[in-house]
Amino acid sequence: MTGLGARYCFGMRSLPLVSLSAMLALSTACDKGSSESPAATADPETPAADPGSPPVQRLQGAIEIPAAVPSDAIAIFSVRVPSSMFTSMLSADPMGLATEGMDDLKKELDEFFGKTVGIQVLDATAITGFARGEKDFGIILSGVGGGIKAKKTGEHGGVAIYSDGDSPIRLAQQGDMLILGTETAVKASIDASADASKSAKGGELAKFIAEQSDGAAMAIAADLTKLPAEFTREIPPTVMVDRGLLTFGFEGLKLRAEGETDKIDALAGVVNSGLAMAAGEAEKQRERVLKDPDDVAEGAAIILGAHYMRSAKKMLTPTVDGGTLTIEVPIKAGDPAILAAVAGIGAAIAVPAFVKYTRRSKTAEARVQIAKMFDAASAYFNEEHVDRGPATDTLAAEELAARAPHRCPNNGKLSGESGVTPPLSVDCNAGPGGRCVPSAGGKGGPGHYDMSLWTDNDVWNGLNFQQEEGHHFHYNFIWTNDASGYGSCQFTAQAFGDLDGDGVFSTFERSGAGDENGMNGAAGLYIDKEVE
C-alpha cells in the first residue's frame, strides 16, 4: 500500500482518521436517518427542536461493546450512530448544503477509500476503543465493508495481520469489523472474538456501561483500580474511587463514579470545593473589571464567564447516594441551543482557568529579572573592586567590608539589603495595564513611583539593575559580605507580586554564594503563592 492510503491508514497517522470518525459520530449522536444498525435503533417520533427540520431521533437501548474487546481492558470507550457514519456526517451539515446528489457522493467516497485504504469506513455504525495498559491500545470499527489493502506481515488465530513498513500499528479484519492498534492489542482482540472467556463483553466494565447507557451515543468507562500508576499518581488515595463512567446522549452528559462510601464523600467534597473556588474566582474577576475596566474583550469574557459559572456551579453539583456519585448536565443532543450551552459552560470553566493562566504568564517577569540579578551579582563578585586608602585595623567592620577585592554589591555595609523597590505600598494593579510604572518624581497617578528609587540606590547601581518600563513585581537584593582575604559573599535576589490584587504577595527568590572557588547558586527558584 502506498500514497494517500498509506498516509491515512497506517502508522501514527492512522489514529487521527479514527479519532475524526469518532468525533463526527459523537457530534451527530442523533442521526436524521431512519434505518437500524446492529449497534442501535432510532426512535423516529422524537420531536425536532426546529419545527422546520426532520424529527430528531433518539438512540434506543444500551451500548453493547463488541466481543472483540479483551477481558483485560482497563478502559473502554464506545461511540455509535443510528444509521451509518456517512448519514451522520450529512446530518452534521450546519448550513444544509449537502442536500442533493448524496448517493453519488457516497459512491465516489467509497471508490476513493476502496482504491486507497480498501476499507469502506463510511458504513461504520460504531467505534469502540480499549486500553490494556499505558501503551497498549486497540480500536474497533463495526459495520465496515471492503478489505484491507496493505502488506500482510503475519497471522494470529487464523486471521491475517497487516502493517505498513516500520509502523507500530497493526490491522486485522474479521467480517464487518476492522481492528487496529498495537500488535499485542490486535492479537488479544482476535483471541477475544474467538473465545468468550477472553472477552470483556460479559465483564464488569461492559455491565457497567450497559446499565448506565440506555439511549446514549457515547460511553467512556474505566476501572481506576487497574490503571497504571502513571495515570493515578496525582489522585489522592482519599478520593480514589473504583470505577468511572461518562455517557452522552439525548438527555445530556452524565458522569458516574462508584467506590467506597468515604471516598465518594471525599470526592464530592473536592468537586464542590473546586466549583466554589472557580465561582468565587469568576465573581472576583467580574467585580474587578466592573470597577475598573481595562481591556474590553477580556472584561466582556470575564463577565460572561462569571454569569455562566454561577449556573454551572448549581448544575454540576454532584448527587451522592451511598457509594455512587452522579453529575448530570442536561445538554440535549439535537437541540439547536446545544452549541450555545456548550460554549457557555466552556466559558464558565475556561475563563477562570484562563485568568489564572494569564496571572501565571505574568510570573515570567519575576523569573527573568531574578536571573538578571543573579548573573549581575556573579559578575560583580568575580571582578576586583579596589578602594582608595589603606586597609587598617582601625576601620569599622562595615567600612572594611567594602575593601575586600571580591564582594557583592553593597552600600558600604557588611550586610544589608537594597530595600524593596518600589515599596509594597505602591499598588501595581492600580497602574496602567495592572503594572507599576517608574517616572520622574513619581508623576502619573496610581501605580506610578519615582525613578530615583533605582537610580539613587548604590546596590541597584552596583548590579546595573532597574526597571525602566511598566512591571508587575517589586524587587529586593539582600547581601552579607566577608571582608577578609579574597572576600566572599552570600546573597538572595527576591521578587514580590500581588497579581490578583488581594493584598497577598507571592514570593520568588534565588540565593547564591561566592568565594575564591567561584560563585554557586541554588538549584532553582524558591516560589511561594505563585499566582497571588
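The values are calculated or read from the model by the stated rules, or taken from the named source; none is laboratory data. A quick note: this is a predicted structure, and the numbers were derived from the prediction, not measured. Every residue, glycine as well, gets a Cβ built from its backbone with ideal geometry; the counts of neighbours run over all protein chains shown.
Taking the stated definitions as given, is I220 surrounded by fewer than 21 Cβ atoms within 10 Å (Cβ to Cβ), in contact (Cβ under 8 Å) with a residue 40 or more places away in the chain and of a type in the set (A, V, I, L, M)?
Yes: the conditions hold for I220.
Only residues that are in contact (Cβ under 8 Å) with a residue 40 or more places away in the chain and closer than 28 Å to F381 by Cβ: list them for region 491-505, please.
Of everything in region 491-505, those that are in contact (Cβ under 8 Å) with a residue 40 or more places away in the chain and closer than 28 Å to F381 by Cβ turn out to be F491, A493, Q494, A495, F496, G497.
Does region 143-159 contain any residue that is in contact (Cβ under 8 Å) with a residue 12 or more places away in the chain, in contact with a Phe, Trp or Tyr (Cβ under 7 Å, 6 or more places away or on another chain) and farther than 30 Å from L105 by Cβ?
yes
Residue-wise test of (1) closer than 27 Å to Q60 by Cβ; (2) out of contact with any Ser or Thr (no Cβ under 9 Å at 6 or more places or on another chain); (3) small (G, A, S).
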| site | (1), (2), (3) |
| --- | --- |
| G203 | yes, no, yes |
| E211 | yes, yes, no |
| A216 | yes, no, yes |
| P236 | no, yes, no |
| L245 | yes, no, no |
| F250 | yes, no, no |
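Name every residue in region 502-528 that is buried (at least 16 other Cβ atoms within 10 Å of the Cβ) and in a loop (DSSP other than H, G, I, E, B), in order of residue number.
Of everything in region 502-528, those that are buried (at least 16 other Cβ atoms within 10 Å of the Cβ) and in a loop (DSSP other than H, G, I, E, B) turn out to be F505, L525.
Any residue at all in region 240-253 that is in contact with a helix residue (DSSP H, G or I) (Cβ under 8 Å, 6 or more places away or on another chain), basic (K, R) and either under 17 Å from A73 (Cβ atoms) or in contact (Cβ under 8 Å) with a residue 12 or more places away in the chain (or both)?
yes
Could you please let me know if M277 is in contact with a Pro (Cβ under 9 Å, 6 or more places away or on another chain) and either touching a residue at least 12 places away in the same chain (Cβ under 8 Å) or assigned by TED's automatic domain parsing to the domain that holds Q60 (or both)?
no
Can you pull out the residues in region 43-89 that are hydroxyl-bearing (S, T, Y) and at pLDDT 80 or above?
Of everything in region 43-89, those that are hydroxyl-bearing (S, T, Y) and at pLDDT 80 or above turn out to be S71, S78.
Please go through region 234-270 and give me each residue that is of a type in the set (V, I, T) and over 19 Å from A221 (Cα atoms), ordered by number.
Those that are of a type in the set (V, I, T) and over 19 Å from A221 (Cα atoms): T238, T261, V270.
From G146, G203, G154, which residue is more than 29 Å from the chain's Cα centre (by Cα) and under 16 Å from I74 (Cα atoms)?
G203
Quick check, is E530 in contact with a helix residue (DSSP H, G or I) (Cβ under 7 Å, 6 or more places away or on another chain), of a type in the set (D, E) and touching a residue at least 40 places away in the same chain (Cβ under 8 Å)?
Taking the combined requirement at face value, the residue satisfies it.
Please go through region 183-192 and give me each residue that is in contact with a Gly (Cβ under 8 Å, 6 or more places away or on another chain) and either among the small types (G, A, S) or at pLDDT below 90 (or both), ordered by number.
The answer is A185, A188, S189.
Condition check: over 23 Å from K372 (Cα atoms) and either surrounded by 15 or more Cβ atoms within 10 Å (Cβ to Cβ) or at pLDDT 90 or above (or both). Does E398 satisfy that?
yes
For residues in region 491-501 being in contact with a Ser or Thr (Cβ under 9 Å, 6 or more places away or on another chain) and part of a loop (DSSP other than H, G, I, E, B), which is modelled with the highest pLDDT?
Top of the filtered list is D498.
Step by step: first the residues of region 441-490, then only those that are in contact with an Asp or Glu (Cβ under 7 Å, 6 or more places away or on another chain) and not in a strand (DSSP E or B), then the one that is surrounded by the most Cβ atoms within 10 Å (Cβ to Cβ). Which residue is that?
Applying the filter and picking the extreme gives F473.
Looking only at strands (runs of 3 or more DSSP E) that fall completely inside region 93-208, which ones have 2 or more residues that are among the β-branched types (V, I, T)?
In region 93-208, 126-133, 136-142, 159-163 are the strands (runs of 3 or more DSSP E) which contain 2 or more residues that are among the β-branched types (V, I, T).
Look at G146 and say whether it is in the same structural domain as I65 (by TED's automatic domain parsing), out of contact with any strand residue (DSSP E or B) (no Cβ under 9 Å at 6 or more places or on another chain), on the phi > 0 side of the Ramachandran plot and surrounded by fewer than 20 Cβ atoms within 10 Å (Cβ to Cβ).
Spelling it out, it is not the case that G146 is in the same structural domain as I65 (by TED's automatic domain parsing), out of contact with any strand residue (DSSP E or B) (no Cβ under 9 Å at 6 or more places or on another chain), on the phi > 0 side of the Ramachandran plot and surrounded by fewer than 20 Cβ atoms within 10 Å (Cβ to Cβ).
Given the conditions (1) at pLDDT 85 or above; (2) part of a helix (DSSP H, G or I); (3) surrounded by 18 or more Cβ atoms within 10 Å (Cβ to Cβ), and given that G269 satisfies all but one, which numbered condition is not satisfied?
Unmet for G269, out of (1) at pLDDT 85 or above; (2) part of a helix (DSSP H, G or I); (3) surrounded by 18 or more Cβ atoms within 10 Å (Cβ to Cβ): (3).
Which one of V320, V296, V329 is among the β-branched types (V, I, T), at pLDDT below 85 and closer than 14 Å to K254 by Cα?
Selected residue: V329, the only one of V320, V296, V329 that is among the β-branched types (V, I, T), at pLDDT below 85 and closer than 14 Å to K254 by Cα.
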